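Notes follow the structure.
The values are calculated or read from the model by the stated rules, or taken from the named source; none is laboratory data. All values derive from a computational prediction rather than experimental measurement. When we count neighbours, we look across all protein chains shown, and the Cβ atoms used for this are built from the backbone with ideal geometry, even at glycine. For accessibility, only protein heavy atoms count, side chains too; no ligands or nucleic acids. Shrake-Rupley method; radii C 1.70, N 1.55, O 1.52, S 1.80 Å.
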Amino acid sequence: MKNTVFLNSSKINFDGKINFSVLDEFTKVALYDSSSEDQILERVKDQNIVVTKELPLSGNLICKFPSSIKLICEAGTGYNNIDIEAARKKNIMVCNVPGYSTDAVAQLAITFILSLCSSITLQQTMLKEGNFSNFTKDLQVPHVEIKDKTLGIIGAGAIGQRVIKTALALDMKVLVYNRSIKPISNVKFVSLEELLAKSDFVSIHCPLTEDTKHLIDRDKFKLMKSTSFIINTARGAIINEKDLIEALQRGIIAGAALDVQEKEPFDVSNPLFSMKNVILTPHIGCKCIETRQRLVELLGNNIKAFINNSPINSVNS
């Protein structure tokens, strides 16, 4: 039986409610809540499979892995935390778990849009500050219908397409910017520039790569409507955060809803935390309990397939 070590299992089992027993059927698993770099090298000894969740594995670290390590499983979709080339040179396969959080992340993106339409977060902030003017006077905040508003989707993968499906059901108009045109009904594929200029809401669903890092910067914000909102449930660095803060402070765009930031864990001194036109959540898109349990089951599929010499979801084969 192969030996597997999960170096930071508390990233998905922070509440102790996740059942890992599905893995015991075909591998011997050692679970650690978290691991420092020094602990990683100690804990991968005599192991065959390493599992991580958004844990940085640099090339310098991977090159020190023992020859027994044959597979690194990223317990998630994004794998930019792993030096893929270093793993390839060590003859270590790297795989990820795509699709496990499609419903949950799409749900969060739509929740952000609905909340922004009615200024829900701003209204609650006013109440906490003792400001009851929405009750004692006419409505003091923006409140609009979602019907016929234009949603711009950047990245039409599984999550982007799920958001599109829900947006169309809400009678929104949908523009899409993607590397390739896909057979999606009732949407229009456009350039990024056109999407930004015409959208009331822009929702990001592309992966973080060298090409998409800081894809949305100062010049891109200037293309957007002053009444528009940007939503990011993908990766923080797709937006140049310094330029976003400037755009929000100067009223170049109306607001933002962010489940991710450039620097995670979040820096509480970040100006975004004090802005009333910003909704922030702590990267919760993949943290529904159903989503996390599904992740473990799909992770098990990856490991089982690898053991059976028929690997799936490899990103560096």
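Miscellaneous remarks
- Condition met for Ser185 (in a loop (DSSP other than H, G, I, E, B), more than 20 Å from Val278 (Cα to Cα) and within 22 Å of the chain's Cα centre (by Cα)): no
- Residues that are part of a helix (DSSP H, G or I) and either closer than 18 Å to Asn8 by Cβ or basic (Lys, Arg) (or both) within segment 272-317 comprise Thr291, Arg292, Gln293, Arg294, Leu295, Val296, Leu298, Leu299, Gly300, Asn302, Ile303, Lys304, listed in sequence order.
- Pro98 being open to solvent by 50 Å² or more (accessible area, probe 1.4 Å), within 30 Å of Arg43 (Cα to Cα), not polar (S, T, N, Q) and not in a strand (DSSP E or B): yes
- Screening Ile113 against (1) open to solvent by less than 50 Å² (accessible area, probe 1.4 Å); (2) out of contact with any strand residue (DSSP E or B) (no Cβ under 9 Å at 6 or more places or on another chain) leaves a single unmet condition, (2).
- Residue satisfying condition, being of a type outside the set (S, T, N, Q) and either more than 30 Å from Ile69 (Cβ to Cβ) or open to solvent by 60 Å² or more (accessible area, probe 1.4 Å) (or both), within set Ile303, Ile253: Ile253
- Verdict on His214 being open to solvent by less than 80 Å² (accessible area, probe 1.4 Å) and either not in a loop (DSSP other than H, G, I, E, B) or not β-branched (Val, Ile, Thr) (or both): yes
- Subset of segment 1-38 [assigned to a helix (DSSP H, G or I) and of a type in the set (A, V, I, L, M, F, W, C)]: Val22, Leu23
- Lone qualifier among Gly157, Gly78, Gly152 - being within 30 Å of Ile40 (Cα to Cα), surrounded by 13 or more Cβ atoms within 10 Å (Cβ to Cβ) and not β-branched (Val, Ile, Thr): Gly78
- Of the residues making up segment 282-300, those that are surrounded by fewer than 16 Cβ atoms within 10 Å (Cβ to Cβ) and under 24 Å from Ile230 (Cβ atoms) are Pro282, Ile284.
- Some residue of segment 64-78 being outside any strand (DSSP E or B), out of contact with any Lys or Arg (no Cβ under 8 Å at 6 or more places or on another chain) and modelled with pLDDT under 95: yes
- Candidates are the residues of segment 25-45 that are modelled with pLDDT of 95 or more and of a type in the set (D, E, K, R); the one that is most open to solvent (accessible area, probe 1.4 Å) is Lys28.
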